[in-house]
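For reference, the structure is listed below as structure tokens.
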Amino acid sequence: MRPEDSSDLAPATAAAGAVEPDAVERAPAAAVPARTRKPLRRRPLGASLLLLVALGLVGAVYSLFAPANADVDAPGSAQAGRELFLANCSSCHGTQGQGSSAGPTLVGVGAASVEFQVGTGRMPLAQPGAQAPRDYVRFSDEEIADMAAYVATLGPGPSIPSDEDLDLSEADVTRGGDIFRTNCTMCHNYAGSGGALTEGKYAPSVNQTSPRHIYEAMLTGPQNMPVFADSQLTPEMKRDVIAYIKTSSEHPSPGITGLGALGPSAEGLFGWVVALGLLLACAVWLTQKAK
Ligand code: HEC
Ligand code: HEC
């Protein structure tokens, strides 16, 4: 494989050099790799040995300096997260995350809940109300990861979904639609555009939400939303739902106005009713005039 590859490359680089010879002169640095590649090609075994030794060295050096807490369930630094938490969150959630009259306890809510709440700008809460609204995000991804790591140390809770959890390449959009209609539309409506609940609360639109935050919403059940644990909706089913939401929000309902995603036939009916109403109004107006 290797010798063939390089012989394929050789004429290409030679041709490139022939087309623009002065380009090589002007940029001697760029020409260097081409020259050094030649002796390596003659001794492929020596080169790969060298590479192996170099890689081994890099690995050894890295393991010496790698952060000691790399094995906690959230990627952030709990120590840095604690500082951020004390400065920005403890006034409502307590200095140990135990909660206060102004905010619930965070013991056991897990890293996923922090990433969802802070990552969608709900937290830190700006002002008390029936429900923390989606808002602009006030922390960097790294700071969020740090606070998530800290809260994860308070007690076991749902951890942040892995890349594998969020890999939608095998997801079944049709099945996702079925799951969405049975579990989510009663609050988020057929189009996923949300709707009012009782006591001034509401289910927001899910159409602009990132796959990561959709996954975390299901894992943590914010506010009135139920928790969809993995025993209820497996990670695979969660991916199907996310793929469905992403597909249906990219290709919105088949009609023009949406009309609660009832589809084109409902829209036709709606058009008819409006048009008929107008015709009737005209008729009434004309007969009034004639009198
Ligand atoms: C002004 C008070 C206040 C501040 C400041 C605040 N929170 Fe909250 N937090 C609340 C309230 C109230 C709720 C419940 C809101 C709701 O469910 O709509 C809440 C809910 C949460 C939840 C969800 C808990 C659960 O049961 O899943 C998390 C996680 C959270 N906050 C994290 C944070 C973090 C992290 C910060 C700091 C960056 C922060 N909060 C700052 C008041 C606050
Ligand atoms: C009982 C009603 C209810 C059901 C059922 C429900 N949700 Fe929710 N959902 C809510 C409420 C209420 C919120 C807002 C929570 C908050 O603001 O703290 C929410 C928030 C969300 C969000 C965050 C949207 C954003 O960006 O602000 C997503 C995503 C979501 N839900 C997805 C789902 C999915 C997927 C399902 C079905 C598997 C589902 N929900 C089922 C009530 C519900």
Selection from segment 206-242 of residues that are within 15 Å of ligand 1 (Cβ to nearest atom) and within 18 Å of Ala191 (Cβ to Cβ): Ala217, Met225
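A quick yes/no check of all residues on (1) over 12 Å from Thr220 (Cβ atoms); (2) assigned to a helix (DSSP H, G or I); (3) not assigned by TED's automatic domain parsing to the domain that holds Asn224:
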| site | (1), (2), (3) |
| --- | --- |
| Gln98 | yes, no, yes |
| Ala111 | no, yes, yes |
| Gln117 | no, yes, yes |
| Arg122 | no, no, yes |
| Leu125 | yes, no, yes |
| Ala130 | yes, no, yes |
| Arg134 | yes, no, yes |
| Arg138 | yes, no, yes |
| Tyr150 | yes, yes, yes |
Test: residue in segment 160-174 that is of a type in the set (Val, Ile, Thr), crowded, with 19+ Cβ neighbours inside 10 Å and either more than 20 Å from Asp240 (Cα to Cα) or away from ligand 2 (no atom under 16 Å from the Cβ) (or both): no
Of all residues making up segment 79-117, the number that are more than 9 Å from ligand 1 (Cβ to nearest atom) and among the charged types (D, E, K, R): 2
Those residues of segment 175-223 which are among the hydroxyl-bearing types (Ser, Thr, Tyr), outside any loop (DSSP other than H, G, I, E, B) and in contact (Cβ under 8 Å) with a residue 12 or more places away in the chain, in sequence order: Tyr202, Tyr215, Thr220
Residue in segment 122-144 that is free of Cβ contacts under 8 Å to residues at least 12 places away in the same chain and of a type in the set (A, V, I, L, M, F, W, C) present: yes
Which listed residue is modelled with pLDDT of 95 or more and out of contact with any helix residue (DSSP H, G or I) (no Cβ under 8 Å at 6 or more places or on another chain), from Glu142, Glu115: Glu142
Boolean, Ala87 is modelled with pLDDT of 90 or more, out of contact with any helix residue (DSSP H, G or I) (no Cβ under 6 Å at 6 or more places or on another chain) and either in a helix (DSSP H, G or I) or of a type in the set (A, V, I, L, M) (or both): yes
Segment 119-140, residues that are of a type in the set (Gly, Ala, Ser) and within 27 Å of Ser77 (Cβ to Cβ): Gly119, Gly121, Ala126, Ala132, Ser140
Any hit, segment 261-269, residues being farther than 30 Å from Gly129 by Cβ, of a type in the set (D, E, K, R) and modelled with pLDDT under 95: yes
Selected residue (criterion: farthest from Leu166 (Cα to Cα)) from residues of segment 207-248 that are among the aliphatic types (A, V, I, L, M) and either more than 7 Å from ligand 2 (Cβ to nearest atom) or under 12 Å from the mean Cα position of the chain (by Cα) (or both): Val227
Residue satisfying all of: in segment 184-206; hydroxyl-bearing (Ser, Thr, Tyr) and either out of contact with any His (no Cβ under 9 Å at 6 or more places or on another chain) or near ligand 2 (Cβ under 6 Å from one of its atoms) (or both); modelled with the highest pLDDT among these: Thr185
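The values are calculated or read from the model by the stated rules, or taken from the named source; none is laboratory data. Since this is a predicted model, take the numbers as computed values, not measurements. Glycine gets a Cβ as well: all are built from the backbone with ideal geometry, and neighbour counts include every protein chain shown.
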